[in-house]
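Read through the structure below, which is laid out as structure tokens, and then see the notes.
The values are calculated or read from the model by the stated rules, or taken from the named source; none is laboratory data. Treat the numbers as computed from the prediction; the structure is a model and nothing was measured. Ideal geometry is used to build each Cβ from the backbone, glycine not excepted, and the neighbour counts take in all protein chains shown.
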Amino acid sequence: MSSPSGCSLLLPLALLGLVVPFDLPDLQPKLAGELRIDGSTQVYFIAEAGAGAFQKQFSDVEVRIGKQGTNVGLALLASGDIDICTASRSIQEEEAGAIEAGYIEVQIAWDAVAVVVHKDNTWVDKLTLEQLQAIWRPEDNGVKNAKKWSDLDAKWPKEDLKLSGLAQHSQLGRQFCELISGEGGAIREDYTTVGTTGELPRILDDKHALGFISQTVWRKHSDQLKLVAVGFKPGKSPVSLTPESLDNGSYPLVRPFFLYVRKDALQKPQVLGFLRFLLQRPDLVREGRFFELSAARRTAQEAKLIQALRSE
């Protein structure tokens, strides 16, 4: 890490009453002890990448990471068995009430649905919401869904659509369903289900395939797949899946990832140091195969931590 990052790490440590010069090598002996993290199986990959890089810089800190799921992680946070919970969803009211010590919510990354076609698909770079609805809506009341590419545009191939997508009950799958059919709605069921982090089904080896998958899977197989921009609003330009479109809200098929930290754990220099280290290293979020926050949003998350310390 460069000296500017090291200097910025020192400010909140000074708030803890530590007297340290603004020089990262002199800071290293000050960070020691154990750091306990558990929670989301997906945000785990970001925490793991962060822990590896952090321990190279601060070798006296022992980082212990689990991946028992968001529900378990929040329960462990409430009992004081961990310092930080990684979470793929927002904390619920009952879970928040169980953390008597209080907590701070820090957003760390974005996850999203990627609409994709095969890399050899030469006719589609963008789709409208109406076209997606024509493909994915269930058939009822005499309404038929699109079966062939040519059902969407007469200039496109008269070939069957080979469909893949996330499970409808998954968090990201539910968002796609509601985009197509409204709140509580469903989509057609005659498609091959894709996991959130696993291998692609063989159907996506076909150039006539179309899928809605997690951006994690798209990143893993980006050599086989092409992202499709989506016209979410009539008359508006199609929106591509980018860090900017996630950050400004123009791409709605998104969910935030969080770190929840106990307020009393925030008093530990190694806990605060790790959180700020991770916020200052968006490359580690990308290494975990997720989208990083904008610089302004990362700064806002750091400000939460500093404000929490000042209010104690």
> So which of GLY73, GLY80, GLY66, GLY97 ends up being in contact with an Asp or Glu (Cβ under 7 Å, 6 or more places away or on another chain), over 24 Å from ALA167 (Cα atoms) and modelled with pLDDT of 95 or more?
Replying inline: GLY66
> ARG137 versus (1) over 30 Å from THR86 (Cβ atoms); (2) modelled with pLDDT of 95 or more: which is the lone unmet condition?
Replying inline: (2)
>> So, in region 50-83, how many residues would count as being of a type outside the set (Gly, Ala, Ser), in contact with a helix residue (DSSP H, G or I) (Cβ under 6 Å, 6 or more places away or on another chain) and in a helix (DSSP H, G or I)?
In response: 2
>> If ALA101 satisfies all but one of (1) of a type outside the set (S, T, N, Q); (2) more than 20 Å from PRO238 (Cβ to Cβ); (3) touching a Phe, Trp or Tyr at 6+ places or on another chain (Cβ under 7 Å); (4) not in a strand (DSSP E or B), what's the number of the condition it fails?
In response: (3)
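Yes or no, residue by residue, for (1) of a type in the set (Ser, Thr, Tyr); (2) crowded, with 21+ Cβ neighbours inside 10 Å; (3) under 19 Å from the mean Cα position of the chain (by Cα):
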position	(1), (2), (3)
PRO201	no, no, no
LEU293	no, yes, yes
THR299	yes, no, yes
GLN307	no, no, no
> Could you count how many residues in region 155-181 are touching a helix residue (DSSP H, G or I) at 6+ places or on another chain (Cβ under 7 Å) and farther than 12 Å from VAL115 by Cβ?
Replying inline: 8
> Pick from ASP247, ASP283: which is surrounded by fewer than 16 Cβ atoms within 10 Å (Cβ to Cβ), modelled with pLDDT of 90 or more and within 25 Å of GLY39 (Cα to Cα)?
Replying inline: ASP283
